[in-house]
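The values are calculated or read from the model by the stated rules, or taken from the named source; none is laboratory data. Given the structure is predicted, the values throughout are model-derived calculations rather than measurements. Cβ placement follows ideal geometry from the backbone for every residue including glycine, while neighbour counts extend to all protein chains displayed. Just so you know, the surface numbers come from the protein's heavy atoms only, side chains and all, with ligands and any DNA or RNA stripped out. Shrake-Rupley method; radii C 1.70, N 1.55, O 1.52, S 1.80 Å.
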Amino acid sequence: MEQATKWVIGNWKMHGTLAANYELIANIRALIPTLDDRVGMAVCPPFPYLVQVAGLLEGSGIALGAQNLSANVRGAYTGDVAGAMLRECSAQLVLIGHSECRAYQHEDDELIARKVRAALDVGLVPVICVGETRAERESQQTQTILARQLDAVFQLLDTAADSCIIAYEPRWAIGTGVSATPETIAEVHGFLRSCLIAKDAKFAASTPILYGGSLAAGNAREIAAIDNVDGGLIGSAALRAEEFATVYRAFLGV
Ligand code: PGA
């Protein structure tokens, strides 16, 4: 997949119906008839809707993403979905390590790193989510946690060949309606960029770092203007076409 320098990605979580998906994509396409090369757009519906949404996106330039994948290639893993299956359903990206998967499905750093490798091995671009809890932030552990989450992934990454997207999603800002402040976002994104540079400067320059956590029409412009913010991972606002389109335009700077 052609890597845009910025990305606006909708994470639909466990929402949608055949009818609602049809309407949402039709409305997004009507509001943004042509994408700008500088800012990619993607939507990540639940697994059962991938094929439907792939059809609805045809000719739009909007990329399709999945919300998770198995670390395994195939086999007796009931309930899991392999990367090759996602590719066959036209997915180009996959969210990995989302805080809801870390929390509710007990995914740890080591498993997340294996999932990133599994995604890359089948040609999916992993959107690697990192973020701290409120307790970790309050005890000044944010950088330690983020560095640990990134380091695990770095172990299995070939930065000369692999293409990734990073998403900073402070757990305390997800679904709360209260995003991180611009100062916090600037500080954390600067830190994440420095971690990437320490690993590989070329990789750091070509890896978008998205912000996620109550990003919506009302704060998108302010967040889009922050250094080292290369797009957004949007939850609830991605379910409303008008709002999602506004966020996209904010990252385009129009
Ligand atoms: P939110 O979710 O925009 O609803 O806070 C973001 C996410 O979980 O990716």
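Values as computed for the structure displayed
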{"item": "Mean Cβ neighbour count within 10 Å, used as a protection proxy, ranking 14-21, 197-204, 215-222 highest first", "result": "215-222, 197-204, 14-21"}
{"item": "Pairwise FRET efficiency - Thr34 versus Gln141, Cβ, R0 = 30 Å, nearest 0.05", "result": "0.10"}
{"item": "The chain: DSSP helices with Cα axial extent of at least 24 Å and average Kyte-Doolittle hydropathy no lower than -1.0", "result": "182-199"}
{"item": "Spherically averaged projected area of the range 168-218 from its Cα convex hull (nm²)", "result": "3.8 nm²"}
{"item": "Heavy-atom surface of the chain, accessible at 1.4 Å and reported per residue (Å²)", "result": "45 Å²"}
{"item": "Dipole magnitude of the chain about its Cα centre (Cβ charges: Lys, Arg +1; Asp, Glu -1), debye to nearest 20", "result": "180 debye"}
{"item": "Extended-chain gain in nm, criterion 0.36 nm per residue less alpha-carbon gap, Asn27 and Thr5", "result": "5.4 nm"}
{"item": "Peptide ranges 68-80, 155-167 listed from the most packed, as the mean C-beta count within 10 angstrom indicates", "result": "155-167, 68-80"}
{"item": "Burial order of peptide ranges 205-213, 129-137 (average beta-carbon count within 10 Å, highest first)", "result": "205-213, 129-137"}
{"item": "Solvent-accessible area, 1.4 Å probe, carbon plus sulfur percent, for the chain", "result": "52 percent"}
{"item": "Paramagnetic label zone (point 7 Å from Cα along Cα-to-C-beta, Glu187; backbone N under 17 Å) in the range 206-235", "result": "226-229"}
